[in-house]
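Here the structure comes first, spelled out in structure tokens, and everything after it is commentary.
The values are calculated or read from the model by the stated rules, or taken from the named source; none is laboratory data. Here the structure is a predicted model, which is why all the values come from computation and not from measurement. Please note: Cβ atoms are built from the backbone with ideal geometry, for glycine as well, and neighbour counts cover all protein chains shown.
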Amino acid sequence: MTYAQQITRASSLLSDEPNWNGIAADSVARMRLQNRFPTGLDIARHTAAIMRRDMAAYDADPANYTQSLGCWHGFIGQQKMISIKKHFGTTKGKYLYLSGWMVAALRSEFGPLPDQSMHEKTSVPALIAELYTFLRQADARELGMLFRDLDKAREAGNEVEVHRLTTAIDNHETHIVPIIADIDAGFGNAEATYLLAKKMIEAGACALQIENQVSDEKQCGHQDGKVTVPHEDFLAKIRACRYAFLELGIDDGIIVARTDSLGAGLTKQIAFSREPGDLGDQYNSFLDVEEVADLSTLRGDVVIARDGKLLRPKRLASNLFQFRPGTGEDRVVLDCITSLQNGADLLWIETEKPHVEQIAAMVDRIREVVPNAKLVYNNSPSFNWTLNFRCQVFDRWQAEGRDVSAYDRARLMSADYDATDLGREADEKIRTFQRDAAARAGIFHHLITLPTYHTAALSTDNLARDYFGEAGMLGYVEGVQRREIREGIACVKHQNMAGSDIGDDHKEYFAGEAALKAGGAHNTMNQFAA
């Protein structure tokens, strides 16, 4: 609905309410446009449609891959989208990612926690709601500035500018984008997963990412000791997420099924199997077993009958069973095919390094069964990207017979190699990694899980070094404020960013000429007008 149509609609409503004195149709129209998404379900419905369109566009052309950055606070997510619109003019193909790791490390009332599902499960939907609160305010702020400019143009009688601004208002692109939200391993059984999924969707999530680890043994995807569950257990949680979407009317909600099997060597239970070759039997076929020749050696052990033999899965002191070494990729492929055949929309394969051909080899096998299989991929800060890609270039050069005598593979991370041919080629491979992996390895969405955790640490370290050192106040002015002004960072006007001008507009709506507004001549934010 256009601005003019909103005014007409509000005028019609107000004409039927003669006692609503002082309510202006124009102000009602503005407030409605500044809040297009009153509820989280409105957001989930809108953003699910965006993701579905983007997935179809990727199927048509892998150059249409999408990206996101991880968030741990609403302000961080807001600033990302404001920056994206500033630099690229549109939010198309750019999402937000909500990382369970960052919720655990930065949002738990217990204090910083490892990524082991020990944080409060309610903190996840709370962060989704917070992110969208900040994104809605970004809409209100941007539209509010357009409305103010429109009022000035009207007062000046500048009809050309009035038309331009009205068109800009009608074509305003919202900052509301999809959030891919990490539900970990579901925080309990399938019912617990369903209940938490509902809360996350009600907060606005259109895409839930769930992993096949054991909930109470969950580990970060890039740490050791990961324990997976049999497929039927995982599929029950995928179905729980789908039921949550359908119950709430988000019929096209997206489920991202994550497999940690590549780096997980353990399982907590033997899968139930009805007959040879069924899904449970396939899961059990990867177990590391030994033949039982003497029944007297059994001590409360589980045994499997196969090919006329009794086999005992090897069990650790932790009561966990281990898989045979070297079966990780086969288990990943089975996980992915099974998930896609039972309700998942996208895959997430957690790997130990960023390597296009490693990912592509697994995806090629998956696509033999599910041709349109697509991935979300974690471009993780847990990888040493510089070292990984320098090693890949070094190894390829060596295999091709090129002279690598100028390089010491054991110290490729050294700054000595930054300006070398090897260093430059590795950097170019990093630069094109997302594009190359989208084309070759079926990756629809690239994300960095923890970027703002690291940028916050780096920028704070730089400021602390300068401000508390010899630079003093110049450390802040030169390193922060002057750059904000010259680079057009909206937050230099932090009062405006926090909603002061929106509040002034509302005061005028509510009280008219009696409004006591903060944005007068003595507001120091006016120093940044230029």
* Asked: Based on what the data block shows, is Thr524 under 30 Å from Ala56 (Cβ atoms) and of a type in the set (Ser, Thr, Tyr)?
  -> no
* Would the stretch 487-498 turn up any residue that is surrounded by 15 or more Cβ atoms within 10 Å (Cβ to Cβ) and of a type in the set (Asp, Glu)? -> no
* To do: Hey, can you tell me all the residues within the stretch 251-286 that are touching a Phe, Trp or Tyr at 6+ places or on another chain (Cβ under 6 Å) and either part of a strand (DSSP E or B) or touching a residue at least 60 places away in the same chain (Cβ under 8 Å) (or both)?
  => Gly253, Val256, Arg258, Gly265, Thr267
* Checking Met413 against (1) loosely packed, with under 15 Cβ neighbours inside 10 Å; (2) assigned by TED's automatic domain parsing to the domain that holds Arg107; (3) out of contact with any helix residue (DSSP H, G or I) (no Cβ under 6 Å at 6 or more places or on another chain), which test does it fail? -> (3)
* Qualifying residue in the stretch 353-363 (condition: touching a Cys at 6+ places or on another chain (Cβ under 8 Å) and within 28 Å of Tyr95 (Cβ to Cβ)) -> yes
* Asked: Here are some residues: Tyr453, Tyr476. Which one is more than 24 Å from Ala105 (Cα to Cα), modelled with pLDDT under 95 and assigned to a helix (DSSP H, G or I)?
  -> Tyr476
* Which condition breaks for Ala317 when tested against (1) closer than 24 Å to Phe272 by Cβ; (2) modelled with pLDDT under 95; (3) not acidic (Asp, Glu)? -> (1)
* Asked: Going through the stretch 198-222 one residue at a time, which ones are basic (Lys, Arg) and not in a helix (DSSP H, G or I)?
  -> Lys218
* To do: Tell me, please, whether a residue that is in contact with a strand residue (DSSP E or B) (Cβ under 6 Å, 6 or more places away or on another chain), modelled with pLDDT of 95 or more and assigned by TED's automatic domain parsing to the domain that holds Ile337 can be found in the stretch 240-249.
  => yes
* Which of the following residues is modelled with pLDDT of 95 or more, crowded, with 24+ Cβ neighbours inside 10 Å, of a type outside the set (Gly, Ala, Ser) and part of a helix (DSSP H, G or I): Leu135, Leu165, Leu143, Leu195? -> Leu135
* Selection within the stretch 94-114 - of a type in the set (Asp, Glu) and either part of a helix (DSSP H, G or I) or at positive phi (or both) -> none
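Yes or no, residue by residue, for (1) part of a helix (DSSP H, G or I); (2) surrounded by fewer than 21 Cβ atoms within 10 Å (Cβ to Cβ); (3) among the β-branched types (Val, Ile, Thr); (4) on the phi > 0 side of the Ramachandran plot:
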{"residue": "Lys80", "(1), (2), (3), (4)": "yes, no, no, no"}
{"residue": "Lys86", "(1), (2), (3), (4)": "yes, yes, no, no"}
{"residue": "Lys92", "(1), (2), (3), (4)": "no, yes, no, no"}
{"residue": "Gln116", "(1), (2), (3), (4)": "no, yes, no, no"}
* Asked: Looking at (1) at pLDDT below 95; (2) crowded, with 17+ Cβ neighbours inside 10 Å; (3) touching a strand residue (DSSP E or B) at 6+ places or on another chain (Cβ under 6 Å), which is the only condition Glu291 fails?
  -> (2)
* Does the stretch 170-180 contain any residue that is surrounded by fewer than 24 Cβ atoms within 10 Å (Cβ to Cβ), over 25 Å from the mean Cα position of the chain (by Cα) and not basic (Lys, Arg)? -> yes
* Cβ-Cβ below 7 Å, separation at least six or inter-chain, first residue in the stretch 508-528 and within 20 Å of Cys491 (Cα to Cα), second not in a helix (DSSP H, G or I): which pairs? -> Met525/Lys493; Phe528/Lys493
* Give the residues of the stretch 16-40 that are part of a loop (DSSP other than H, G, I, E, B) and either modelled with pLDDT under 95 or surrounded by fewer than 17 Cβ atoms within 10 Å (Cβ to Cβ) (or both), sorted by residue number. => Asp16, Glu17, Pro18, Asn19, Trp20, Asn21, Gly22, Ile23, Ala24, Asn35, Pro38, Thr39
* Structure fact -> Turns out the strands (runs of 3 or more DSSP E) fully within the stretch 299-350 with at least 3 residues that are in contact (Cβ under 8 Å) with a residue 40 or more places away in the chain and either of a type in the set (A, V, I, L, M, F, W, C) or outside the structural domain of Arg239 (by TED's automatic domain parsing) (or both) are 346-349
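One line per residue, one yes/no per condition, for (1) over 30 Å from Phe444 (Cβ atoms); (2) in contact with a Pro (Cβ under 7 Å, 6 or more places away or on another chain); (3) without any contact (Cβ under 8 Å) to a residue 40 or more places away in the chain; (4) in the same structural domain as Gln213 (by TED's automatic domain parsing):
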{"site": "Gln5", "(1), (2), (3), (4)": "yes, no, yes, no"}
{"site": "Leu13", "(1), (2), (3), (4)": "yes, no, yes, no"}
{"site": "Pro18", "(1), (2), (3), (4)": "yes, no, yes, no"}
{"site": "Ser27", "(1), (2), (3), (4)": "yes, no, no, no"}
{"site": "Ile50", "(1), (2), (3), (4)": "no, yes, no, yes"}
{"site": "Ala57", "(1), (2), (3), (4)": "no, no, yes, yes"}
{"site": "Gly100", "(1), (2), (3), (4)": "no, no, no, yes"}
{"site": "Ala104", "(1), (2), (3), (4)": "no, yes, yes, yes"}
* Hey, can you tell me all the residues within the stretch 79-116 that are closer than 20 Å to Asp182 by Cβ, among the hydroxyl-bearing types (Ser, Thr, Tyr) and within 18 Å of the chain's Cα centre (by Cα)? => Tyr95, Tyr97, Ser99
* Structure fact -> With the first residue restricted to the stretch 474-490 and required to be farther than 17 Å from Ile82 by Cα, and the second required to be among the charged types (D, E, K, R) and in a helix (DSSP H, G or I), Cβ contacts under 9 Å at 6 or more apart or on different chains are Leu474/Asp466; Gly475/Arg465; Gly475/Asp466; Tyr476/Asp466; Glu478/Asp466; Gly479/Asp466
* State whether one or more residues within the stretch 267-279 are closer than 19 Å to Ile210 by Cα and surrounded by 20 or more Cβ atoms within 10 Å (Cβ to Cβ). => yes
* To do: Evaluate the stretch 253-262: report whether one residue or more is among the basic types (Lys, Arg), surrounded by 15 or more Cβ atoms within 10 Å (Cβ to Cβ) and at pLDDT 95 or above.
  => yes
